[in-house]
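Taken together, the values in this text are just the output of simple stated rules run on the coordinates, not laboratory data. As the structure is a prediction and not an experimental result, all values here were calculated from the model.
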Amino acid sequence: MLDVSIQAGGRDGRPAERGQGMQTEQPSPPANVAERYFGVVFDPQVYLRLVYLLVSFPLGLAYFVVLVTCLATFGGLAITIVGIPLLLATMYIWCGVADFDRWLANSLLGTAVPPLPFRESGQPWQWERIWARLTNLMTWRALVYLFARFPQGIGTFTFALFVLFVPVQLVTLPLTVWLSGDGTDAGLW
């Protein structure tokens, strides 16, 4: 077995003695074979992760459609007086949506993703605050992340459906063959 201890420093800044670090909690081995193989059925975190996989596609699709529509429309309107404020509003919206997606991942997956590091002061529409948001790398990373959620959502949604329905079909295959009458149609193709 591997020793998984994290060596933490002492109060005086010197390295801690071996064994005084933080210990990661090792899960206890399952008591019996049935618990080892079927214990996942009773774990609520599994179902929260499955919900996350299933909502990834609709959310990724919505993010993609809204962002492409807003950026294309308001980018085209940028030559008018209306376009630039609408593009700036879109930027604030995508940062809010990225924060919502962070909250969703933290809630459903049990992660600890920190919030976006926007340290802006002043009134919401002052030029300094807008410039700080425009020059912040996290603003643009959030945009790329939201665009990447669409193909990622397609993949995870497909995987989740595959994991859910292929075992159900394989379990019900004998019944399908029996109900087909002649026993030659397995219903797989």
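Binning the alpha carbon pair distances of segment 35-95 at 10 angstrom intervals from zero yields the distribution 20, 29, 19, 14, 11, 6, 1, expressed in whole percent.
Per the Kirkwood formula applied to alpha carbons, segment 64-135 shows a radius of gyration over Rh ratio, Rg over Rh, of 1.05. Stretched out straight at 0.36 nm per residue, the stretch from VAL168 to LEU88 would grow longer than its current Cα-Cα span by 24.0 nm. Compared with the direct C-alpha span, the chain from PHE42 to LEU109 gains 22.5 nm at full extension, assuming 0.36 nm per residue.
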